Amino acid sequence: MNIHFLQHVSYESSAYLEQWFRDQGDRISITRLYQNDPLPKAEDADILIVMGGPMGVGDEAEYPWLKDEKLCIRSFMDAHKKVIGICLGAQLIADVLGAKVYRSENKEIGWFPVYKVQGSGESALSDLMPQEFQAFHWHGDTFDLPENSVHLLSSKGCRNQAFTVEDRIFAFQFHLETTEESAALLVENSRDELTPDFFVQSEKDILVNEEGYAEMHILLDRILERISATIF
């Protein structure tokens, strides 16, 4: 398969996601929007993966490429390609689907539990999700659920952590793809966001969690296997 990533800043890469797809023998391409790389056409890839970043979905004046990126995401949706969004990517998907994206009541940074929600069984991913698991978070915005979406996951700090539409479009507010290296880069470049709060951990607590990364990647393996399958 052809997998295309949209990357918004140099320090938020595809991390474990790219490693997993390469291990399957898939072809990888990346649009680095911060370098003004050209956006892909829907026929260029089987799966579009939209990564995170510090900007908001409405920051088009500061980041003019956001407007074209949203059109790109819509073109993949209209072509019935699979689209996966992580953090900002999830917010962009919600925005493209007509849902509201706004400042969250709680900033979530660090390791916090995520919970399966009632009704998530309508998705083919539901049986893969534990009732509760630890995930890595780094976000200050959130979104409402788009029309016709299935709500998958929630947390105490943020009600809408994940949704899917037709088991073809997937939005995850949290970061299962994070590795020790990518977390360290996030901390290095966004340390000013680590102001003490109920859902904001210290740098030490964020970085010292070797078991957490491994457990997340086991779950992500299962999710990607299911998403990559032609028939669920």
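The values are calculated or read from the model by the stated rules, or taken from the named source; none is laboratory data. On a predicted model such as this, the values are computed, not experimentally measured, just so you know. With ideal geometry, Cβ positions are generated from the backbone for all residues, glycine too; neighbour counts draw on all protein chains shown.
Brief remarks follow.
- Comparison of 168, 191 shows that the only residue that is surrounded by fewer than 18 Cβ atoms within 10 Å (Cβ to Cβ) and closer than 14 Å to residue 93 by Cα is 168.
- Subset of the range 1-60 (residues that are of a type in the set (Lys, Arg) and part of a loop (DSSP other than H, G, I, E, B)): 41
- Exclusive hit being surrounded by 10 or more Cβ atoms within 10 Å (Cβ to Cβ), without any contact (Cβ under 8 Å) to a residue 12 or more places away in the chain and either in a helix (DSSP H, G or I) or in contact with a helix residue (DSSP H, G or I) (Cβ under 8 Å, 6 or more places away or on another chain) (or both), set 211, 215, 225: 225
- Residue match in the range 74-82 (condition: of a type in the set (Ser, Thr, Tyr), out of contact with any Gly (no Cβ under 7 Å at 6 or more places or on another chain) and either under 18 Å from residue 32 (Cα atoms) or part of a loop (DSSP other than H, G, I, E, B) (or both)): no
- For the residues 40, 54, the requirement of being surrounded by 17 or more Cβ atoms within 10 Å (Cβ to Cβ) and more than 16 Å from the chain's Cα centre (by Cα) singles out 40.
- Selection within the range 117-126 - surrounded by fewer than 19 Cβ atoms within 10 Å (Cβ to Cβ) and either in a helix (DSSP H, G or I) or at pLDDT 95 or above (or both): 121, 122, 126
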